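These notes concern the structure reproduced below.
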Amino acid sequence: MSWGMDDCIVGGQLRVGTGLCPPIKEGDTKINGSAMMEGPVVIGDGAKIKLGAKRPGDETGTAPANLMVTRNYNDDKDCFTPAIKLAVLTEGNIQINGDRGKPDTLKISSAADTAIKINGGKKALDYDNGTVWIDSSGEAYFKTGTGGKTMSARFAESDGKPKPFDIQHPTKGKGHRLRYACIEGPEVGVYHRGRLRRGKEISLPYYWKNLVHVESITVQLQPVGAHQDIIVKRWDDEKIYLQSNGGLPIDCFYHVYGERKDINPLITEYEGNECFDYPDPNYKPGAVNPRYDDPAFSGPPNTITM
């Protein structure tokens with residue numbers, strides 16, 4: 001049986017379904033102005049619900065949720081206001097208790113430019129009571145690994161210190177640590193090292209041809225076993241050519257260094273109060289399609305050996 005009416009005013013409770021609903025109570029203890037609906041509820045145009053589509057072209061499909069809210073599609077003239085285009089507006093706080101019905105407690109799929117926008121509040125985002133939070137100015141804080149500092153403060157501090165890695169000691173194990181630091185210098189350098197036995201040529205990695213300024217290459221040699229009077233005769237972007245005393249076979253360790261040419265040489269000294277004053281705009285936060293080999297923002301190579 002079905003019936004229709006123009007208007008419906010419910011003074012007590014609106015209930016759709018036959019089950020009991022403890023949150024709104026029953027009988028003399030019922031909460032007036034409350035409502036319960038057992039099955040899926042759609043607010044808006046149900047034809048626009050696509051999440052439950054069974055196949056392409058089937059927009060409605062099965063109900064993807066118990067409550068489905070879409071944009072307003074009422075053609076009443078009073079429904080053509082900017083505010084009513086919103087699907088949901090709440091004036092109170094919201095709490096979401098996830099269960100194992102789906103793998104994600106909250107999942108947002110957005111066709112808009114911004115998926116989530118948060119205005120106001122001392123903390124714009126707080127995960128697990130301060131384990132991770134972001135304040136309204138954009139500062140990020142991680143409870144572990146930052147020593148109580150915001151991320152920007154931690155980065156600023158690390159920029160002025162040696163760049164270390166710190167790991168559990170690989171030999172002594174638990175209770176001991178091993179700490180190394182990066183080599184620092186006035187160039188963006190790479191190196192190639194090894195041992196040469198019974199030869200006179202050090203072959204460079206094949207990709208150095210397009211990676212390294214050939215005029216920046218330097219070589220250090222360490223004879224093994226005996227003095228051999230080894231010298232560097234010449235070099236190019238593929239090999240280092242050596243010569244020894246009397247033409248004897250060479251046995252040596254070697255280190256070859258070079259400055260990269262696929263990115264700009266470092267500008268080692270510049271005017272400014274912080275790292276963001278570096279004169280290459282490609283390194284600034286928010287740079288669009290940054291290019292790190294733009295010759296308009298670089299100094300000359302810092303190492304020249306020819």
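Read the figures in this text as sums done on the coordinates, not as results from a lab. Bear in mind that the values here come from a model prediction, so they are computed numbers and not experimental data. Ideal geometry is used to build each Cβ from the backbone, glycine not excepted, and the neighbour counts take in all protein chains shown.
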Given Cα positions, please report Rg to Rh for segment 155-299, the hydrodynamic radius being the Kirkwood one. 1.09
For segment 214-229, Karplus couplings with θ = phi - 60° (6.51, -1.76, 1.60), whole Hz, Gly/Pro x: 4, 6, 9, 5, 10, 9, 10, 10, 9, x, 10, x, 6, 5, 10, 6
Could you work out the mean projected area of the convex hull around the alpha carbons of the chain, in square nanometres to one decimal? 32.3 nm²
State the extension gain, in nm to one decimal, for the chain segment bounded by SER298 and ASP75, taking 0.36 nm per residue of separation less the distance between their alpha-carbons. 74.3 nm
Separation of the GLU26 and ASN66 label points, Cα + 7 Å toward Cβ, nm: 1.8 nm
³J(HN,Hα) computed for each position of segment 180-187 - Karplus, 6.51 cos²θ - 1.76 cosθ + 1.60, integer Hz, glycine/proline x: 10, 9, 6, 6, 10, x, x, 9
First measure r as the distance between the Cβ atoms of ARG177 and SER152, then evaluate 1/(1 + (r/R0)^6) with R0 = 22 Å and state the FRET efficiency to the nearest 0.05. 0.25
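Using 22 Å as the Cα-Cα cut-off, could you pick out the over-long pairs in LYS77/LYS117; LYS200/LYS233; LYS209/LYS239; LYS48/LYS85; LYS123/LYS284?
On the way: LYS77/LYS117 29 Å; LYS200/LYS233 10 Å; LYS209/LYS239 10 Å; LYS48/LYS85 14 Å; LYS123/LYS284 26 Å.
Too far apart for the 22 Å limit: LYS77/LYS117; LYS123/LYS284.
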Expressed in nanometres to one decimal, the distance between label points 7 Å along Cα→Cβ at LYS143 and GLN95 is 1.9 nm
Just report the Cα centroid separation between segment 200-244 and segment 258-306, whole Å. 28 Å
Under a point spin-label approximation (7 Å from Cα along Cα-to-Cβ), what is the ALA35-ASN289 distance to one decimal in nm? 5.1 nm
How do the peptides 121-130, 189-198 rank, highest first, by the average count of neighbouring beta carbon atoms within 10 Å per residue? 189-198, 121-130
